[in-house]
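Heads up, the thing below is written out as structure tokens.
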């Protein structure tokens, strides 16, 4: 009985973030708290962090110029992170024509988070809209985001991320994933607050911005969680969206997810306040943490099925099916069994396991970095440096 109990619990924990948690949000009666009404936003800065973006920076600036603007001061700030291509030169051609476009040309590459730490304080706007160079906005983006800041409890507003449609299975899966995320974010925003924002399109009060640790790679998530810690809320606005191209191959998508996973594990050291017994902690654990530790849950499920298989034929077949399902991302990468990995439910299952493997690889990458960090600290203490 104990093994069956472990199997059932592990299975529930795996499907919880995707199926059970949205249902909990749907039936919960609470609503997001509303603060005091304030005046409309008076000034906005659109900050674009860029490194060697010569292929897309002109399109991004034209897209930014096409944004509908209201009765507020507006500026576009491009922060070049030590770009070695023509990014800075292309931006300078726009600064000569438009007085509200500024270039912050940092001479050495320091990474996106360090660029944000230096650039946000130099922005003139009360609201800073943070964007990637390859994220293209709908023209009404600002019109839908800014009214939320008339509520003084709102510290951040996140737009929706849309994946441009292509014929590839990766694009279809990524689009399906973000549609599910959109449903969850709508429910979170209505009940309490969004758990994390999408880095391609989100706006924050400049007064709430806090410098982030230089090693942070998932800056959007940590910044918005710190805003939540300050007592403000994060709102989801799906009518403001950014469009991006999907990963071209399964390996491209795997590497992107691995990088994000490693960054999330690093961020955990700053998220102790979300491990309590309140509803916000419940949302963080349900939406994020259970996904991050899914490889561990799968390991427990696999072990329990293996030992139960000695006494149960059902468990034996379930164990074999589970082992085979683990190989689907490898089949996809090797371009073997396309009929299974690119069509129907097999396509969705393959993408799901691709994410699980990326979480595991991200954890290994994070642990390797932590080991080097510890080794460096020990050596400094030994040699008195």
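The values are calculated or read from the model by the stated rules, or taken from the named source; none is laboratory data. Note that this is a predicted model, so its numbers are computed, not measured. Methodologically, a virtual Cβ is constructed for each residue, glycine included, from the backbone with ideal geometry; neighbour enumeration extends over all protein chains shown.
Give, as residue ranges, the helices (runs of 4 or more DSSP H) completely inside region 1-99 that count at least 3 residues that are outside the structural domain of residue 125 (by TED's automatic domain parsing), within 30 Å of residue 151 (Cβ to Cβ) and touching a residue at least 12 places away in the same chain (Cβ under 8 Å).
21-27
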Of the residues in region 100-149, how many are touching a residue at least 40 places away in the same chain (Cβ under 8 Å), surrounded by fewer than 20 Cβ atoms within 10 Å (Cβ to Cβ) and not in a helix (DSSP H, G or I)? 8
Can you name the residue in region 6-19 that is surrounded by 14 or more Cβ atoms within 10 Å (Cβ to Cβ) and within 23 Å of the chain's Cα centre (by Cα) and is also nearest to residue 177 (Cα to Cα) among such residues? 18
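Pick out the one residue from 83, 64 that is buried (at least 17 other Cβ atoms within 10 Å of the Cβ) and under 28 Å from residue 234 (Cα atoms).
Working: 83 fails: under 28 Å from residue 234 (Cα atoms).
Result: 64 is the single residue among 83, 64 that is buried (at least 17 other Cβ atoms within 10 Å of the Cβ) and under 28 Å from residue 234 (Cα atoms).
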Considering 260, 285, which residue is within 30 Å of residue 152 (Cα to Cα), at pLDDT 90 or above and in a helix (DSSP H, G or I)? 285
Residue that is surrounded by the most Cβ atoms within 10 Å (Cβ to Cβ) [pool: residues in region 168-206 that are modelled with pLDDT under 85 and over 23 Å from residue 133 (Cβ atoms)]: 173
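One residue is enough: does region 269-276 have a residue meeting the conditions over 21 Å from residue 365 (Cα atoms) and either assigned to a loop (DSSP other than H, G, I, E, B) or in the same structural domain as residue 199 (by TED's automatic domain parsing) (or both)? Show your work before the answer.
Quick first cut of region 269-276, residues over 21 Å from residue 365 (Cα atoms) only: 272-276.
With the extra rule that they be either assigned to a loop (DSSP other than H, G, I, E, B) or in the same structural domain as residue 199 (by TED's automatic domain parsing) (or both), the set shrinks to 275-276.
Yes: region 269-276 contains one or more residues that are over 21 Å from residue 365 (Cα atoms) and either assigned to a loop (DSSP other than H, G, I, E, B) or in the same structural domain as residue 199 (by TED's automatic domain parsing) (or both).
For (1) more than 19 Å from residue 234 (Cα to Cα); (2) over 20 Å from the mean Cα position of the chain (by Cα), each residue gets a yes or a no:
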site: 256; (1), (2): yes, no
site: 264; (1), (2): no, no
site: 267; (1), (2): no, no
site: 281; (1), (2): no, no
site: 286; (1), (2): no, no
site: 291; (1), (2): yes, no
site: 300; (1), (2): yes, yes
Step by step: first the residues of region 207-224, then only those that are surrounded by fewer than 17 Cβ atoms within 10 Å (Cβ to Cβ) and modelled with pLDDT of 90 or more, then the one that is farthest from the chain's Cα centre (by Cα). Which residue is that? 207
